[in-house]
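I have placed the structure first, in the form of structure tokens, so that the comments after it can refer back to it.
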Amino acid sequence: MSTVIAKIAAYFRRDPTADWPPHCRVPAVLDLVEMTFNHVPIGADATILRIFGRPANSKPFWHETFSYPQSGFEVSAPQGRVASFVVFLAPFLPSSGPWQPASVQLIAPEVGSLDLPTPTSQADITTFLGPPASTERMDDDFVLRYALEKH
């Protein structure tokens, strides 16, 4: 099935997340040793996101985004596969909607684990993980991008 037809079918089909349990706030565990986010690996089928409960946004399979503002994270899942996780930290929260800051634990190889403080600064992250591959400033927010490889 072509991508366009699959996208149209996803829009018109019943939202599969309607039967998922309600979402309850969960801490975010970003495990850079196992390369998982709360045990969810990049590339997994998006139905695995059921473990987080029903997302706040409607038609997430069609939008290819699963939003969990109560827990402060969002999952991108183009073509039904988990592609990335965005974690929102205080004081850098989206202005759209009632986002709460994520409670984040980072686990890194050869470094250990760190519970990020609230509010979190760029220095909190770079002191633990080192310099990012790239940094992007957007108004008062910043995006740190790390090139991660599974060994």
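Every number in this text was worked out from the coordinates using simple rules, so none of it is lab data. Note that the structure is predicted; figures quoted are calculated from it, not measured. Here the Cβ positions follow ideal geometry from the backbone for every residue, glycine too, while neighbour counts run over all protein chains shown.
Numbers below:
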item: Cut-off of 10 Å, at most 14 other beta carbons, DSSP loop: longest stretch of the chain lacking such trypsin sites (Lys or Arg not before Pro); result: 26-149
item: Tilt relative to the chain, helix 3-12 - C-alpha long axis, 0 to 90 degrees, to 10; result: 70
item: Inter-label distance for Asp124 and Phe12, nm, one decimal - labels placed 7 Å from Cα along Cα-to-Cβ; result: 4.7
item: Peptide ranges 90-102, 54-66 listed from the most packed, as the mean C-beta count within 10 angstrom indicates; result: 54-66, 90-102
item: Environment charge of Leu144, counting only residues whose C-beta is closer than 13 Å and scoring Lys/Arg +1, Asp/Glu -1; result: -1
item: Karplus (6.51, -1.76, 1.60) ³J(HN,Hα), θ = phi - 60°, over segment 85-94, in Hz, Gly and Pro reported as x; result: 10, 10, 10, 9, 10, 5, x, 9, 10, x
item: Identified option (computed Cα extents along the principal axes in Å; candidates (i) 79, 29, 20; (ii) 46, 36, 29; (iii) 77, 36, 23); result: (ii)
item: Within-15-Å neighbourhood charge of Asp19 [Cβ basis; K, R +1; D, E -1]; result: +4
item: Projected label distance in nm at Thr3 and Val86, using a 7 Å step from Cα toward the beta-carbon; result: 1.9
item: Under Karplus coefficients 6.51, -1.76 and 1.60, residue-wise ³J(HN,Hα) of segment 73-80 in Hz, glycine/proline x; result: 8, 9, 10, 9, 9, x, 6, x
item: For the chain, built as a Gaussian network whose Cα springs stay under 10 Å, the top-fluctuating residue of Val29, Val40, Val86; result: Val86
item: Fewest-first ranking of Leu129, Leu30, using other Cβ atoms within 10 Å as the exposure measure; result: Leu129, Leu30
item: For segment 101-114, Karplus couplings with θ = phi - 60° (6.51, -1.76, 1.60), whole Hz, Gly/Pro x; result: x, 6, 9, 10, 10, 9, 10, 10, x, 6, 10, x, 10, 8
item: Most mobile of Phe12, Phe85, Phe128 in a GNM of the chain (Cα contacts under 10 Å); result: Phe12
item: Along principal axes, Cα extents of segment 1-49, largest first, whole Å; result: 37, 26, 10
